[in-house]
Amino acid sequence: FQAYTVFNYLLTNTANLKFKAGTNFSIQDFSNKLYDFQQLITANNAVADTNLNYNETFGDVTLTKKIGNLQADLGAGVSFFNEKVDYANNASVSFNETKVLPHARLNYKFSNATNLTANYQQAYELPHAKDLTDSYVLQSYFTVFQGNQNLRQALTHTASLNFGHYNSFKFFFMNAGLTYTKREKSFV
């Protein structure tokens, strides 16, 4: 469940402030049991019951400024994270953290048909309850998956550069992009 609100405040004809505030809720209950010829397998990694409760409350401010053909969107958000995981062996892990997550976007229009865009963003990626269980999970007839209880939120840095050009008279469209993502702190 996600709820948020956005408020735009026009500073001038070429500048805008955008405020965003909201919250994300995720409640996951993962129960896994493996059977062999209708008999429950009770080995260590065959039965799992993992509950994940996650809440993020956030606020974000972005300044958009246009100078000639260049548009810059610069901002940062503050996120309050609260996570609790309960495992089948009665173990429990709680996690509380506050983070500032910056983001920037620069877009230069050479013409109405040609532009160059650069992006940078920090964000968190969360594991699902299935990823946190130590039991074996049959994903298909040919795939067996085992999670890891040491997984945590992963901070990702994503930078991208995109170039686009189109010509509607010649039905020509060209788009080239380069993206780099760095993931850190995904294990305890």
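The values are calculated or read from the model by the stated rules, or taken from the named source; none is laboratory data. In this text the structure is predicted, and so the values were computed from the model without any measurement. Here the Cβ positions follow ideal geometry from the backbone for every residue, glycine too, while neighbour counts run over all protein chains shown. Accessible surface is based on the protein model in full, side chains and every heavy atom, while ligands, DNA and RNA are left aside. Shrake-Rupley method; radii C 1.70, N 1.55, O 1.52, S 1.80 Å.
Listing for the model above:
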| item | result |
| --- | --- |
| Some residue of the stretch 7-19 being modelled with pLDDT of 85 or more, open to solvent by less than 70 Å² (accessible area, probe 1.4 Å), within 19 Å of ALA154 (Cα to Cα) and in contact with a Leu (Cβ under 8 Å, 6 or more places away or on another chain) | no |
| Condition met for SER79 (without any contact (Cβ under 8 Å) to a residue 40 or more places away in the chain, in contact with a strand residue (DSSP E or B) (Cβ under 8 Å, 6 or more places away or on another chain) and either under 21 Å from ASN24 (Cβ atoms) or not hydrophobic (A, V, I, L, M, F, W, C) (or both)) | no |
| Some residue of the stretch 23-41 being of a type in the set (A, V, I, L, M, F, W, C), out of contact with any strand residue (DSSP E or B) (no Cβ under 7 Å at 6 or more places or on another chain), over 25 Å from SER140 (Cβ atoms) and open to solvent by 70 Å² or more (accessible area, probe 1.4 Å) | no |
| Any pair with Cβ under 7 angstrom, 6 or more apart, that starts in the stretch 1-22 at a residue that is more than 18 Å from LYS65 (Cα to Cα) and ends at one that is among the polar types (S, T, N, Q) and assigned to a strand (DSSP E or B) | GLN2/ASN24; ALA3/THR23; ALA21/THR5; GLY22/GLN2; GLY22/THR5 |
| Residues of the stretch 126-137 that turn out to be open to solvent by less than 80 Å² (accessible area, probe 1.4 Å) and outside any helix (DSSP H, G or I), as a count | 6 |
| Residues (in a strand (DSSP E or B), closer than 19 Å to LYS109 by Cβ and open to solvent by less than 90 Å² (accessible area, probe 1.4 Å)) located in the stretch 156-188 | SER160, LEU161, ASN162, PHE163, GLY164, HIS165, ASN167, MET174, ALA176, GLY177 |
| The stretch 138-152, subset among the aromatic types (Phe, Trp, Tyr) and not in a strand (DSSP E or B), residue most open to solvent (accessible area, probe 1.4 Å) | TYR141 |
| Flag for GLY59 being in contact with a Gly (Cβ under 8 Å, 6 or more places away or on another chain) and either within 30 Å of TYR108 (Cα to Cα) or surrounded by fewer than 15 Cβ atoms within 10 Å (Cβ to Cβ) (or both) | yes |
| Single residue of the stretch 1-41 satisfying the filter (farther than 30 Å from GLY147 by Cβ and of a type in the set (D, E, K, R)) that is nearest to the chain's Cα centre (by Cα) | LYS20 |
